[in-house]
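Single-structure report; data block below.
The values are calculated or read from the model by the stated rules, or taken from the named source; none is laboratory data. The structure displayed is predicted, hence computed values, not measured ones. Heads up, the Cβs are rebuilt from the backbone with ideal geometry, glycines too, and the neighbour counts pull from every protein chain shown. Accessible surface areas use protein heavy atoms only, side chains included; no ligands, DNA or RNA. Shrake-Rupley method; radii C 1.70, N 1.55, O 1.52, S 1.80 Å.
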Amino acid sequence: MRPNVQPNPITEDTEEALTEGDDYVRGVGTTRSALAHREFRLMWLGSFASNIGTWMQTVVLGSYAFKLTESSVFVGALAFAQLGPLLLLSVVGGMVADALDRRKLLIVLQAEQLVFSLALAAIVAASDNPSRVLIFGCVLAVGIGNALNAPVWGAVVPSLVGQEDLGAAIALNSTMINGSRVIGPALAGILYPVFGAAWMFTANAVTYVFVIFALVIVRFPDVPRAVEQGWHRLLGGFRVARGNPIVGRILLTLAIFSLFSLPFVTLFPALAEKDLGLSSDSLGYGLLYAVFALGACVGALSIGTVLANAVKMRLVRVGLLGFAVMMAVWGTLRAAAPAYPVVFLLGAVYFGTTTSMLTVLQTVLTEEVRGRVMALWFMAFGGMVAIAGLVFGPLLDLTDGSVVLVIGAVAAAFLAWWCDLPRLARQAGIEPV
């Protein structure tokens, strides 16, 4: 069955941006072409600033939790509080994304995360031995806001650019996330030992102001709204995934990949301490995380630049195989120095692969179901990573990093064989994208 693809028209803001001085020499489908869309550019810049704060808090929170308790289980529990709500509430976020005013909803959800980030800072500042329950509660509240926010944000991006610039816009979003992963951890590595965790959490709260400001001034185009009601609306994304083999295979691949191959994302501080001898509050650890994020940034950016014309369905399989190789190599390391180039390459294939998967997914979706299917994407991505942290945290405490990393490598190698998207596309009667 041929997937129902509904092109997004180029918004009027694109022409306006070009005539008001943003006259780029555009190559269709490139990152420069995507940034020529005024509304997308404003959202991208505001989100970039906010995500720097988010990654500062994420890195500091993992390190602070491990130093406070010396328990990988508690680190995994906080990771679950941060990402676990994506498992349940993403579906709700996707439903409202297809039914309500997306701009107003995003402003409210960003403000909610700002408030609870400030509360976390206050709790940590008030005591040298703060309540673990209160810390968990604040992180959970931020996670709930993020779970509702993520599918709305994911549904907004395609409506701000034309179909021909969609892949580049997705690559830029991934680059923004990973660029902030470079800057945020680097700043945290330098500032955390000097100012402490409370100031880092406060700084994150302040950065939400940038994205709220961007949301206030952008103009979102009108998009078709979902017509279903009740359970039909809530479960619309599942129906699309069941009826479209490409969408279903991408989401299943991502869920398996997140559960078995991505525990290292939440257990990064513990892996660095146990296997590489890097203290999680040291500059060396901050640089290791920044190098990993720099690799992820390069991998994501390549999808909208040097690989802009490549078949993304094939890149998914190549990327999964490359990920398996780099995870296996990391599992053999017991010193910090060789880990830096290894995690750089790991980050590159990791986000090159997921950016390719997301580009394919967004290409085959129609606007009226985009929010609900994106909810499933975030459930499979962030939600399963949260479960992975809970499952593999105790295993890491009992064994060492090589066990966790080799399991991830084997799972990725299997998925490189199983996720044959070009074959599914040909069976559906379309050219691989």
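Things worth noting here:
- What the Cβ-Cβ distance of V108 and I217 gives, at R0 = 22 Å and to the nearest 0.05, is a FRET efficiency of 0.85.
- Residues in region 401-411 carry Karplus couplings, in order, of x, 4, 5, 4, 6, 5, 4, x, 5, 5, 4 Hz; the curve used is 6.51 cos²θ - 1.76 cosθ + 1.60 with θ = phi - 60°, and Gly or Pro positions show x.
- Peptides 122-133, 272-283 ordered by average Cβ neighbours within 10 Å, highest first: 272-283, 122-133
- Neighbourhood charge, 15 Å Cβ-Cβ cut-off, centred on S72 and excluding it, Lys, Arg +1 and Asp, Glu -1: -2
- Local net charge near P422, Cβ-Cβ under 12 Å (Lys/Arg +1, Asp/Glu -1): +4
- Highest to lowest packing among 404-416, 100-112, scored as the average C-beta count within 10 Å: 404-416, 100-112
- Near R334: Cβ cut-off under 15 Å, other residues only, Lys/Arg at +1 and Asp/Glu at -1. The net charge is -2.
- Couplings 3J(HN,Hα) for region 266-280, derived from phi with the Karplus relation 6.51 cos²θ - 1.76 cosθ + 1.60 (θ = phi - 60°), are 7, 9, 3, x, 5, 4, 5, 6, 6, 9, 10, x, 9, 5, 6 Hz, where x marks Gly and Pro.
- With protein chains left intact and a 1.4 Å probe, residues in the chain average 38 Å² of accessible area per residue.
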